[in-house]
Amino acid sequence: MMGRSMLAYLPVNLANVLTSFGTIIILTRLLAPEEFGIYAIAMITMQFVHMGLFTWMEAAMARFQARAEREDNVASHLTTLYRLAAGTGLIGLTLIMGLLWILPLPDRLSFVLIFALGSTCLQVLFNLGMEAHRAAHRIKRYSLTYSTQTLVSFTLGILFILFSPLREASPFVGIIIGLLIVGGLDLLFMRRRMKGGTYDNAKTKTYLAYGMPLCIGLLLSYALNSADVYLIAALMGEASAGEYNAGYNLSNRSLEILFVWVSMAVTPVAVTAMEQEGTDRSRDILKNYGATLMWIAFPAATGIALVSQDAGFILGEGVREGAVTVMPWIAFAGLINGVMTYYVHRAFMLSGQTQKYVWALVLPVILNIGLNLVLIPKFGLMGAVWATILCYGIALIIATVLARQDYPLPLPMRAAVELALCCGLMSGAVLLLPLKGLEPGVITLLIKASVGAVVYLAACWVLNAAECRQVVHLLRRRFDRSSLVEVAE
């Protein structure tokens, strides 16, 4: 089941890979460091606003779709959430534009924020449809719609940079147009699913009680991830913020794509199992999920750290030097954050104890801001990195303890130790390569990646790390010709 779902979500992840790396590669070349810094600040601000206003509805769509299907009340479930989103979006857009008019922000930043924050008020309607498709296991529709919107928005954003004076506002203009085109078509599909449904005030209260703690928790989590960019911009300037953001995105985004890919395939299955078969079945799914997640993420993080200097050619020269310095450490931080966000936090979702999700993040966020204020003036970008790693580790420990109070979250410690050993062997093999005479670049990157992958896979097979041999044998049985035809269809 997990393997088939991951294959079905492959187009989405390919689109994410293309746009994520394309954004870093192209924007760091087409925009000056200061412009890229403003773009990064606007993007982070957009995410903060979206989480604060809308993510509770998206979380409710993902969590309660299976229950609505069980109760044969999907139309009212959808109608309630879409009406909430439309109303909140209109009110939010009005308030946002008023604040941008009042606040004494630099003119360039205000101009970019108009498009960035305007786009997020449209994004919620599109995201609700995507969450509904995933929860209802309409994987083909989800993959096609999401991938199309992502690629259309990305392409239009680049074209606007090249052929208009919009500059750092261009990517957000592309998002708006992509949402209007692709999101409008998806909304027509969803309207048919809402036929006969009515707005339900009782459902609104249930969704708010479930989703608002998640919303606050996501805000805290994102503050833990991204508040340092604001502090770097304030203490070191927008160009330094652009350098840090470029290195952070190239390193962390690479990992996040993998985490999202596996999580995207498993989370709807775990929720459906919880609703229809109970806690024990969902726990079994999470156990396999945790081992698979680490089997993919551990070597990815290790590989990013090993090839960070070689991958620097991807970035524009204006941000390259500072970016490659932080990348190895950001890979380690991203691994900790990914395990916490895409594994441990699933326990809060399944147990419904979302208020504990908030408390798990309060102390790390406060500590992170304090450490950044102390360390950035002394150590520059590396001060922000060290603060991030320490606070991620504390957040992971707190979240794990709180999550296991209400849900029997498996802790695949044996798999973690085995995979760490395999990554150690991979690192040793790469570091011993006789490449001192070669300049960092594409050739050294390919050599290190190839050797690292071979050594890691061989070590996993010899040690049977995370029971990989059993998984391979299982996949051989399941992915016969008929299975692959089914996935393709």
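The values are calculated or read from the model by the stated rules, or taken from the named source; none is laboratory data. Source: prediction; values computed, not measured. No Cβ is skipped: glycine too gets one built from the backbone with ideal geometry, and neighbour counts run over all protein chains shown. In case anyone asks, the SASA skips ligands and DNA or RNA and just uses the protein heavy atoms, side chains included. Shrake-Rupley method; radii C 1.70, N 1.55, O 1.52, S 1.80 Å.
Summary table below
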| quantity | calculated |
| --- | --- |
| G383 vs. criteria surrounded by 14 or more Cβ atoms within 10 Å (Cβ to Cβ) and at pLDDT 90 or above | yes |
| Qualifying positions in the stretch 74-90 - over 23 Å from S221 (Cβ atoms) and touching a residue at least 12 places away in the same chain (Cβ under 8 Å) | V74, A75, S76, H77, L78, T79, T80, Y82, R83, A86, L90 |
| Of all residues in the stretch 84-118 being touching a Ser or Thr at 6+ places or on another chain (Cβ under 9 Å) and of a type outside the set (A, V, I, L, M, F, W, C), the one that is nearest to V269 (Cα to Cα) | G89 |
| Top-ranked residue in the stretch 158-182 [being free of Cβ contacts under 8 Å to residues at least 40 places away in the same chain and closer than 17 Å to L18 by Cα; ranked as surrounded by the fewest Cβ atoms within 10 Å (Cβ to Cβ)] | L159 |
| Residues (part of a helix (DSSP H, G or I), in contact (Cβ under 8 Å) with a residue 60 or more places away in the chain and open to solvent by less than 70 Å² (accessible area, probe 1.4 Å)) located in the stretch 423-448 | C423, M426, S427, V430, T444, L445, K448 |
| In the stretch 342-355, residue nearest to S282 (Cα to Cα) [restricted to those that are open to solvent by 30 Å² or more (accessible area, probe 1.4 Å) and within 16 Å of the chain's Cα centre (by Cα)] | R346 |
| The stretch 290-345 - residue that is modelled with pLDDT of 85 or more and of a type in the set (F, W, Y) and, of those, farthest from A40 (Cα to Cα) | W295 |
| Qualifying positions in the stretch 126-138 - open to solvent by less than 30 Å² (accessible area, probe 1.4 Å), closer than 13 Å to M264 by Cβ and touching a residue at least 60 places away in the same chain (Cβ under 8 Å) | A135 |
| Residue list for the stretch 403-422, filter: under 30 Å from S351 (Cα atoms) and open to solvent by less than 40 Å² (accessible area, probe 1.4 Å) | A403, Y407, L409, P410, P412, A415, A416, E418, L419 |
